[in-house]
Amino acid sequence: MRIYHFSEEPYPDAWGAERPSLRITLPNEICDPDVAHRLYNRYIDEWMLADELGFDIMLNEHHSTATCLTASASVILSILARVTKRARLLVLGVPIGNRPDPIRVAEEMSMIDVISKGRLEFGMIKGVPYDIEPANSNAVSLMSRFWEAHDLIVKAMTTTTGPFSFEGDYFHYRNINLWPRPYQQPLPPMWISTATPANAVEIGQRGHVMASFMGGIAETVKLHKAYAQGYQAAGHGSQVPVDRFAYLAMCGVASNEAEGRRRCDLIADYLRTNAQVADPFNKPPGYFTVEAAMRSARSPNPRAFRTLMTPKGRPVELSTASLDDFIECGIAFAGTPDQVFNQICAFTDGIGGLGNLLMMSQGGHLGAEDTCDSMRLFASEVMPRLKARQAQAQFFEAA
Amino acid sequence: MAPPITRHKVRDLDVRMMRAGAGAPLLFLHSAGGLPVWTPFFDKLAAQYDVIIPEHPGFGDTATPDWIRNIGDMAMYYLDFLDGLGIGKVHLVGHSLGGWTAAELATRNCTQILDLTLIAPAGLRVKGAPSGDNFIWSAEESVRNMFHNQKIAEAILAMTPSDEDNDRALANRFMAARLGWEPRWLNPALARWLHRISVPTQVIWGANDKLLPSVYADAWKAGVPDVRVEIIPECGHAVTADKGDACAATILSFLARS
């Protein structure tokens, strides 16, 4: 099992329940460049510590928001490619359907792969609804643009015989010839995140790593089964290796239970504020198909986007959920090293095996000292046991 | 009274439309709000003309063909539509998105139209006077900002739409975004070709339009060769509802000019 340390690089000084929105409309005069400077360098230090402790590294990007200072994952990845020594560098991901120039994405990712000597894990995402407006992108046709950009990027990164041209519905290029080509040949590992079984089938067909975020056991198993269906249909093999699956959860550890829970509770402010955005930006027309939007409008709980469902079917409002709600939903692991180990084992057994645990071990209001202590404890007490255990189960087995 | 829904086929597309009245044909292209409610405004037009209101592709219950992806496709589609209808030259009237479509059509080919009436058309911009953003307005703002007469807005807000109404509104919003999301409600190239409009044109605007400010009428006046502009006072973007009588009278007097 690979264990990734993830932070969104939050700017929590600007958070407040009284603010109607932390995204898009929050004036950037609130962003103090000195504070941002300290935060960027603090988070980079934490990723460097992760590298030393045996974690791999994950980052993402969002735009026009106090929830995530990583406006360009390429910038942070470039730094980490140079200052870290061994960790895999996962971007999850690049919103390729929102990018006007996929070849520029391919160039940046190839450079990062070469600078890091082949440590890039290249994740591609659809992007959240509220990143449509900052990207100046049209949500209509987003997924068909996404797949065309995907195909173009893969072709650009794997073509070694000189220039080729590309004629798509959305992108048209002459003389594509990537310098440098990626370090990892023929292609760095490709990842795609999803929350829908339909997309999971498509990702399985391509054999990429599929990541899902904070869905809990039931939803995650649905996605993994759908992936397996696509994977097997495309002839990749009768069994799916668990390294094709990744799951993101929050994690706080300490030497005593109360402290571990306190840390995770501070991280969970990430989720509580996640949907704090002026409502129209949550629903750009076209982000969901007309049919899906119609189904959602007729559902008894149309605000499902901000709501979690516990395994027992109890709805939980994200903005007010307790740590126990999050633990019950399988999206937070918290407590002592033993407790966290047991929670993770119960979860991974429940979903039939997991190759990549994406761990939000910094998030929300969790400070640097707590973050580093939590990571150290996890690395010394939990990680070795998880890695030893994982060696026994290599293939996905749905219960 | 609203006429029954009829059908018309354009290539592989089955189009819903309303048709009423007798006289010279008048083709009305609706706004991004979808196939309009039949109001006294339309009765007034139908008293003198054969009024034809097709539902745009992708709107309401009319399917989205893969061959309509942008406003240029819409303009060419309506040229096909007119060919297929086989009723000779029409008075072409369009509101907002429909006005934009009508203008795009007219810059391409005026042989099938007698004249052009653009009611608060989208399609152009005036630098320094940004349009409102009906994609980002809340549901309530989107209704209120359409009307100067807030009583109309309140009546609409007081209604409980059916599931079918909601479905049609979602389809309308989706197709509107396909055509007008980016750049928002305009074609930067259109202003360069307005001189191609070779028929008499009338531009009608509500003085209090919160979506497309009435100053946009100046840009149309500057570009279209044979044009007259009428600004209706105390009137918002939904001109045909906000000031239906005045709008109908303005159209009828223009159509009767010759």
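The values are calculated or read from the model by the stated rules, or taken from the named source; none is laboratory data. Computed from a predicted model, the values in this text were never measured in an experiment. FYI the Cβ positions are ideal-geometry reconstructions off the backbone, even for glycines, and counts take in every protein chain you see. In case anyone asks, the SASA skips ligands and DNA or RNA and just uses the protein heavy atoms, side chains included. Shrake-Rupley method; radii C 1.70, N 1.55, O 1.52, S 1.80 Å.
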Problem set entry | With DNA, RNA and ligands ignored, accessible area of A:Tyr183 (1.4 Å probe; Å², nearest 10) | 110 Å²
Exercise. What FRET efficiency would be calculated for the residue pair A:Lys117, A:Val75, taking the C-beta separation as r and a Förster radius of 22 Å, to the nearest 0.05?
Worked result: 0.70
Seminar exercise, completed: Computed curve, the range B:5-255, Cα-only Debye sum without solvent term, log₁₀ I(q)/I(0) at 0.18 Å⁻¹, is -1.67
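Using a Förster distance of 41 angstrom, determine the FRET efficiency expected from the C-beta separation of A:Cys345 and A:Ser296, and round it to 0.05.
0.70
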For this session: Return the carbon/sulfur percentage of the accessible area of chain B, one whole number, probe 1.4 Å, all protein chains in place.
Result: 53 percent
Problem set entry | Leading residue at positive end of dipole, chain A (Cβ point charges), from A:Gly350, A:Gly16, A:Pro311 | A:Gly350
Seminar exercise, completed: In whole percent, the fraction of accessible protein surface over chain A that belongs to carbon or sulfur atoms, probe radius 1.4 Å, stands at 53 percent
For this session: Can you give me the P(r) profile for the range A:140-187? Cα pairs, bins 5 angstrom wide beginning at 0, each as a whole percent.
Result: 5, 20, 29, 21, 15, 8, 2, 0
Problem set entry | Accessible area in square angstrom per residue, chain A, 1.4 angstrom probe | 41 Å²
For this session: Rounded to the nearest 0.05, what FRET efficiency do A:Thr161 and B:Ala256 give with R0 = 51 Å and r taken as the Cβ-Cβ distance? Could you check?
Result: 0.15
Exercise. For the protein assembly as shown, what is the mean residue ellipticity at 222 nm derived from helices alone (per DSSP H run of n ≥ 4: -39500 (n - 2.57); sum divided by total residues; nearest 500 deg cm²/dmol)?
Worked result: -11500 deg cm²/dmol
For this session: State the extension gain, in nm to one decimal, for the chain segment bounded by A:Ala398 and A:Arg42, taking 0.36 nm per residue of separation less the distance between their alpha-carbons.
Result: 124.1 nm
Seminar exercise, completed: Partner shielding of B:131-143, as the mean number of partner chain Cβ atoms within 10 Å, equals 2
Seminar exercise, completed: For chain A, shape from the Cα gyration tensor axes a ≥ b ≥ c, cut at a/c of 1.5 then a/b versus b/c, turns out rounded
Problem set entry | Tail beyond 21 Å, pair distance distribution of the range B:72-181 (Cα, percent) | 50 percent
Exercise. What range in chain B is the longest one free of trypsin sites (Lys or Arg not before Pro) that are in a loop by DSSP and have at most 14 other Cβ atoms within 10 angstrom?
Worked result: B:128-256
For this session: Please give the contour-minus-distance gain from A:Arg82 to A:Glu18: 0.36 nm per residue of separation, less the Cα-Cα distance, rounded to one decimal in nm.
Result: 19.0 nm
For this session: Between the chain alone and the structure with every protein chain in place, find the residues of the range A:254-303 that drop at least 50 Å² of accessible area; heavy atoms, 1.4 Å probe.
Result: A:Pro280, A:Pro285, A:Val290, A:Met294, A:Arg298
For this session: Just tell me, in residue order, which DSSP H segments of chain B are both 30 angstrom or longer along the helix axis (alpha-carbon based) and at least 1.0 in mean Kyte-Doolittle hydropathy.
Result: none
Seminar exercise, completed: Note, A:Lys312: beta-carbon cut-off 15 Å, +1 each Lys/Arg, -1 each Asp/Glu, net -3
For this session: Order the following by accessible area, largest value first: B:Ser131, B:Ser96. Probe radius 1.4 Å; ligands, DNA and RNA are ignored.
Result: B:Ser131, B:Ser96
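Stokes-Einstein at 25 °C, 0.890 mPa s, Kirkwood radius from Cα pairs: D for the range A:88-226 in µm² s⁻¹?
D = 156 µm²/s.
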Seminar exercise, completed: Taking only the alpha-carbon atoms of the range B:193-258, the convex hull volume per residue, in cubic angstrom, is 77 Å³
Exercise. If you put +1 on each Lys and Arg Cβ and -1 on each Asp and Glu Cβ, how big is the dipole of the range A:249-399 around its Cα centre, in Debye rounded to 20?
Worked result: 500 debye
Seminar exercise, completed: Taking every other residue with Cβ under 15 Å from the Cβ of A:Pro102 and scoring Lys and Arg +1, Asp and Glu -1, one gets -1
Exercise. How are the C-alpha pair distances of the range B:124-258 spread across 5 Å bins, as whole percents from the shortest bin up?
Worked result: 2, 9, 15, 18, 20, 17, 11, 5, 2, 0
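Net charge within 12 Å of B:Leu186 by Cβ-Cβ distance, Lys/Arg positive one each and Asp/Glu negative one each, not counting B:Leu186 itself?
Neighbour charge sum, excluding B:Leu186 itself: +1.
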Exercise. List for the range B:150-173: residues with 50 Å² or greater reduction in accessible area, all protein chains versus chain alone, probe 1.4 Å?
Worked result: B:Asp167, B:Leu170
Problem set entry | Residues of chain B: accessible area per residue with a 1.4 Å probe, Å² | 41 Å²
Exercise. Which parts of the range A:60-98 would a label at A:Ile30 reach, counting a residue when its backbone N lies under 11 Å from a point 7 Å out along Cα-to-Cβ?
Worked result: A:65-67
Exercise. Per residue of A:139-145, how many C-beta atoms from partner chains lie within 10 Å of its own C-beta, taken as a mean?
Worked result: 3
Seminar exercise, completed: Among B:Lys151/B:Lys210; A:Lys312/A:Lys387; B:Lys127/B:Lys210; B:Lys127/B:Lys243; B:Lys44/B:Lys221, the pairs whose Cα-Cα distance exceeds 20 Å are A:Lys312/A:Lys387; B:Lys127/B:Lys243; B:Lys44/B:Lys221
Exercise. Ballpark to the nearest 100 Å², how much total accessible area do B and A bury together, probe 1.4 Å?
Worked result: 1600 Å²
For this session: Might you work out the accessible area of A:Asp45 for me, using a 1.4 Å probe with all protein chains in place, and round it to the nearest 10 Å²?
Result: 90 Å²
Seminar exercise, completed: Semi-axes in Å, largest first, for the range A:1-110 (Cα gyration tensor, √(5λ)) are 25, 19, 12
